[in-house]
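Following: one structure in structure tokens, then a few remarks.
Every number in this text was worked out from the coordinates using simple rules, so none of it is lab data. A quick note: this is a predicted structure, and the numbers were derived from the prediction, not measured. No Cβ is skipped: glycine too gets one built from the backbone with ideal geometry, and neighbour counts run over all protein chains shown.
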Amino acid sequence: MSEECAAGVAIERWCADGMRTGLDRVAVETPVALVFNGVSHTVMLASPDDLEDFALGFSLTEGILQHPRELYDIEIEQAGDGILLQMTIAAERFLLLQDKRRNLAGRTGCGLCGAETLAQVIRPLPPVSAKLQLSPAALQRAAAGLGEYQILQRETGAVHAAAWIGQSGEILLLREDVGRHNALDKVIGALAKADADVTAGAFLVTSRASYEMVQKAAAFGAGLLAAVSAPTALAIRRAEAWNLTLIGFLRPGSLVVYSHGWRVKAGQSEEAIA
């Protein structure tokens, strides 16, 4: 975690025994402009860390790029109170981007930022083909282990996390951000850079499962997305259509499967969860 992701502020803390002054650590959210071949595409509010992962993950899950190799270069530039992610991408992809270009200012947690038509909201995606199965115990093991890796959340209490987990519930990779979509994009970008096997793991997020989170997971080809909170109705419908296993309310001792439950399979030695 970068030191730039948290800032110290003076506070007044009111407790049962009165008021005390002190210092607190708060999460930093920074305007981050994603610029493709010299043209600004969008501005998002994000935690200023793992920005190369964010740039690649966003470009892939938004359909700007189809493969990591189509991103030739990234330069990170400070610009006043924000950051520019200057990306050089393949000419063919840039021409397609220009056809559907949308200039907007994103905000933390926005869901369908910049969609100009209904057709842009739900992109056509192929059904997910990943067949990896995880047990309820493995999923809960992953959820229980999140806190150990959420360094910025422990310090500030204001950020989301997205994790890539293995079949046994081990946390293989985790990224944090003030925006839940950004955190997932960062994980996807890191996995894409490492040429990770998309069929060998699943996503776990510390937020609700919105439609866009489902779309990002399906666009990457992952077979399972688990959330500690609830999904939306549209997220469930699209997960069903895209052959994605969607899990919500992942809590100690319980979870809820909303689509394609065949990927959630208890081992022979496991007892059914209460």
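What the table shows:
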quantity: Rounded to whole Hz, the Karplus (6.51, -1.76, 1.60) HN-Hα couplings of segment 151-168, x for glycine and proline; calculated: 5, 5, 5, 4, 7, 10, x, 9, 10, 9, 10, 10, 10, 9, 10, x, 5, 8
quantity: Hydrodynamic radius of the chain per Kirkwood, over alpha carbon pairs, in Å; calculated: 19.5
quantity: Residues of type lysines that LYS216 reaches as a straight line, Cα spacing below 23 Å, ignoring anything fewer than 8 places off in the same chain; calculated: LYS100, LYS131, LYS186, LYS193
quantity: Efficiency of FRET from Cβ geometry, ILE76 and ARG13, R₀ 41 Å, rounded to 0.05; calculated: 0.70
quantity: Unit charges on C-beta of K, R, D, E only; dipole of the chain, Debye; calculated: 1060
quantity: In nm, spacing of pseudo-spin labels at ALA200 and ALA233 (7 Å Cα→C-beta vector); calculated: 4.1
